[in-house]
Amino acid sequence: APSDQQWVHINGKLVPKAEAHLSIYDHGFLYGDGAFEGIRVYDGNIFRLEPHLTRLFRSVRALGIELCVDKPVLQQQIAELVRKNGHYSGYIRLSVSRGVGLGLDPAHIGKTPTLVISTEQLRLYPQEMYENGLHVITASTRVPPAVCIDPQIKSLGRYVNNIMAKMEANRMGAGEALMLNMQGYVAEATGDNIFVVSGGMLLTPPTTDGALPGITRQAVMDLARDMGIACRETSLTLYDVYNADEAFLTGTAAEVIPMVTCDQRKIGEGKPGRITQRIIAAFRELTKVDGLKV
Ligand code: PMP
């Protein structure tokens, strides 16, 4: 549907996108107080919707926010919006904030959290980059330790940090930025998880090193198991990345994309590797079947 005929759900009400407004006292806007999800639809298949909803409900529970809908209702509203907007191949954004009220004390906020569902068309990188791979740099911006904000919470406010890191990548003409944790171990990229291939084995940092438990990351781990490729969650240093045979990033928006250099060191041959290409092909197939049909 043309953008002036698109709709969004705000707290369960269908509103034309062009007329969708939130309060200037919404806690998401005032303090980044909330959580979100980004979900892809592939040809009418909402990819791994259930784990996305589980992650959202866990994020908001950890933040002490109670949604006014349950999973089945939310699922129904999402499917309805996809059909109404005709975004059968696109991107769904679920945004939650604690609610409306000035002042940071949650005690002064109304009992109704804000929940917005929108759908978009989205292509993060040009096709050429999926074939030739991304150049990645290490950001000086670190991921916050779990004692500050747990990486498992897909929190709105946390992303100011990731945006700073992404600006570093932009400044250096790179496609993405790797972020390290306070101990110097690799955590993830600004909107993606990282995998390296070393000695025929897939390695990815554990969430305890500061990585979001990515849905695409899990899908790749499942595929690796099915393909007989060993996969382990283990701490990685930059040395491990520089010396990997292959590397790739995974995320809902970016999908699976090869990473061919890191801080101007070629990874392997400096071209997308064989295992990476096999994973990408298998992921493409999986997106057609694993999810909710609308
Ligand atoms: N890390 C961060 C910081 C992210 O924002 C994302 C995107 N949601 C990911 C990793 C990848 O997670 P997923 O595969 O669930 O999109």
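Rule-based calculations on the coordinates, nothing more; no lab input. Nothing here was measured: the structure is a model prediction, and the numbers come from that model. For neighbour counting, all protein chains shown are included, and Cβ atoms are generated from backbone atoms with ideal geometry for every residue, glycine included.
Can you order the peptides 201-208, 158-165, 122-129 by their average number of other Cβ atoms within 10 Å per residue, highest first?
In decreasing order of mean packing, 201-208, 158-165, 122-129 become 201-208, 158-165, 122-129.
Could you line up CYS148, CYS262, CYS231 from fewest to most neighbouring Cβ atoms inside 10 Å?
So the ranking, lowest neighbour count to highest, is CYS148, CYS231, CYS262.
Hey, for a label at ASN132 modelled as a point 7 Å past Cα toward Cβ, could you say which residues of the range 160-197 have their backbone N under 16 Å away?
173-176
Using the crude model of +1 on Lys and Arg Cβ and -1 on Asp and Glu Cβ, and no other charge, please compute the dipole size for the range 3-120 relative to its Cα centre, in debye to 20.
In total the dipole reaches around 240 debye.
ARG274 versus ILE24, label points 7 Å from Cα toward the beta carbon: distance in nm?
Simple spin-label model gives 6.2 nm for this pair.
Spelling out what I want: for every residue of the range 193-207, take phi, set θ = phi - 60°, compute 6.51 cos²θ - 1.76 cosθ + 1.60 (Karplus), and round to whole Hz; glycine and proline get x.
Each residue's phi maps through the Karplus curve to give 8, 10, 10, 10, 10, 9, x, x, 10, 8, 10, 9, x, x, 4 Hz.
Report Rg(Cα)/(2.2 N^0.38 Å) for the range 3-120, keeping two decimals.
My calculation over the Cα atoms of the range 3-120 gives 1.05.
Whole number please: convex hull volume per residue of the Cα set in the chain, in Å³?
Spelled out: Cα convex hull of the chain, divided by residues, is 129 Å³.
In percent, what relative contact order does the range 165-294 have, based on Cα pairs under 8 Å that are 6 or more apart in sequence?
21
Please report the relative contact order for the range 3-120, taking Cα pairs under 8 Å with a sequence separation of at least 6, and give it as a percent rounded to a whole number.
The value is 36 percent.
Could you tell me the relative contact order of the chain? Use alpha-carbon pairs under 8 Å, at least six residues apart, and round to a whole percent.
It rounds to 20 percent for the chain.
Go ahead and estimate [θ] at 222 nm for the chain from helices alone: -39,500 (n - 2.57) per DSSP H run with n ≥ 4, summed, over the residue count, rounded to 500.
Computed mean residue ellipticity for the chain: -9000 deg cm²/dmol.
Cut-off is 10 Å between beta-carbons; in what order do THR114, THR261 appear when sorted fewest neighbours first?
By the 10 Å Cβ count, ascending, the order reads THR261, THR114.
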